[in-house]
1. Of the numbered conditions (1) open to solvent by less than 60 Å² (accessible area, probe 1.4 Å); (2) of a type outside the set (A, V, I, L, M); (3) without any contact (Cβ under 8 Å) to a residue 24 or more places away in the chain; (4) closer than 28 Å to M251 by Cβ, D195 satisfies every one except a single condition; which is it?
2. Filter the range 133-185 down to the residues that are open to solvent by 10 Å² or more (accessible area, probe 1.4 Å), under 21 Å from T252 (Cα atoms) and hydroxyl-bearing (S, T, Y) and list them by number.
3. Out of everything in the range 115-124 that is out of contact with any Cys (no Cβ under 7 Å at 6 or more places or on another chain) and at pLDDT 95 or above, what residue ends up being most open to solvent (accessible area, probe 1.4 Å)?
4. What residue, among those in the range 82-98 that are in contact (Cβ under 8 Å) with a residue 24 or more places away in the chain and open to solvent by 30 Å² or more (accessible area, probe 1.4 Å), is nearest to Q27 (Cα to Cα)?
5. Is it the case that some residue within the range 278-288 is under 30 Å from T102 (Cβ atoms), out of contact with any strand residue (DSSP E or B) (no Cβ under 6 Å at 6 or more places or on another chain) and open to solvent by less than 70 Å² (accessible area, probe 1.4 Å)?
6. Kindly indicate the residue of the range 24-60 that is at pLDDT below 80 and among the acidic types (D, E) and also most open to solvent (accessible area, probe 1.4 Å) among those meeting that condition.
7. Here's a check for you: in the range 254-263, which residue that is in contact with a strand residue (DSSP E or B) (Cβ under 7 Å, 6 or more places away or on another chain) and in contact (Cβ under 8 Å) with a residue 12 or more places away in the chain is nearest to V138 (Cα to Cα)?
8. Give me a count of the residues in the range 68-95 that are assigned to a helix (DSSP H, G or I) and farther than 13 Å from V108 by Cβ.
Amino acid sequence: MPYEEEEMLPVYLFLGFLESGKTKFIQETLEDKRFNTGERTLLLVFEEGEEEYDTTNFKKDNIFLHVVDDKSDMTPENLQRLVDECDAERVIIEYNGMWQVTELFDAVPDGWAFYQVMCFVDATTFPQYNANMRSLVVDKFNICELVVFNRFERSYNPEQFHQIVRGVSRRCEIAYEYTDGTVAYDDIEDPLPFDIEASHIMIQDNDFALWYRDIMEEPEKYDGKTITFKALTAKNPKFPKNTLATGRHIMTCCVDDIQYCWCATQFEDVSDIPEKCWLMITAKIKVQKHKLYKGKGPVLFVTHYAPSAPPEKEVATFY
């Protein structure tokens, strides 16, 4: 049976690489009486660093610490058993930075709801992680609500860190915790490279990835607008009549993560449109339920199209 909203188990997820400050933040959070008011809390630790938890300052008998250091133990049955054993009212997870977040999501039992996802980053080592483990960095930034760069020096340029985060997500907030203990929230503006206020939006080839991510994150602001862009078609006999997928391959961080990103697109007639051809498309956008989406999404109703040469770079990127 599906869980009612009031029955969902709240989960707080903390991401980051080893020695990134996750443990310290969780320790301080659980010592804060505004957060820890006595709820029975399962603290799941998937990565043990040099800093260990000091449970002496926690409220007695309400924090249950369990270490999961073997990925094979990360199963829905095992995680639910741990909750049941301590009758937890909520779960806090310190996740292993070297594991993909999707592996955790696949292992989460039904009825667990992520209330907050934060990522902690050691600013002094971040350039090396980003250069050598970019896919893991993207994995974390892509789903978090807040990225905290700690150990941040005054000599560092926040814009460089900002651009790396924004290359993955335009939604999450960014904070810089300086070595003197002060914290500053990122207020660098991120204007889109096209006029979102225009009734007819022209998407240049180099801007496709940014536009696609934006329309999928906030489709409502495009509702009723007209768009012109270059796209690669895809057909499937299971699609509704005169419907194609139109989009482009996008690379977020590396060759291994290239995927075809598309929108449901309605034509008057698709019989003369070849499979996998490049078109310049003008379409009216309506946000509505569609068979190709799980619920609502941006549906493109084509008003004009013409064959087109491929973009100079067929795989779109965020840079």
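1. If we test D195 against (1) open to solvent by less than 60 Å² (accessible area, probe 1.4 Å); (2) of a type outside the set (A, V, I, L, M); (3) without any contact (Cβ under 8 Å) to a residue 24 or more places away in the chain; (4) closer than 28 Å to M251 by Cβ, just (1) comes out false.
2. Residue satisfying the conditions is S135 alone.
3. Ranking the candidates gives T124 first.
4. Within the range 82-98, the subset in contact (Cβ under 8 Å) with a residue 24 or more places away in the chain is 82-83, 86-98.
Adding the requirement that they be open to solvent by 30 Å² or more (accessible area, probe 1.4 Å) leaves 87, 89, 98.
Values: D87: 21, E89: 18, M98: 21 Å.
So the residue we want is E89.
5. No, that holds for no residue.
6. Within the range 24-60, the match that is most open to solvent (accessible area, probe 1.4 Å) is E50.
7. Among residues in the range 254-263 that are in contact with a strand residue (DSSP E or B) (Cβ under 7 Å, 6 or more places away or on another chain) and in contact (Cβ under 8 Å) with a residue 12 or more places away in the chain, the one nearest to V138 (Cα to Cα) is I258.
8. 7
The values are calculated or read from the model by the stated rules, or taken from the named source; none is laboratory data. Because the structure is predicted, anything quoted here is derived from the model rather than measured. Positions of Cβ are backbone-derived with ideal geometry, glycine not excepted, and every protein chain shown enters the neighbour counts. For accessibility, only protein heavy atoms count, side chains too; no ligands or nucleic acids. Shrake-Rupley method; radii C 1.70, N 1.55, O 1.52, S 1.80 Å.
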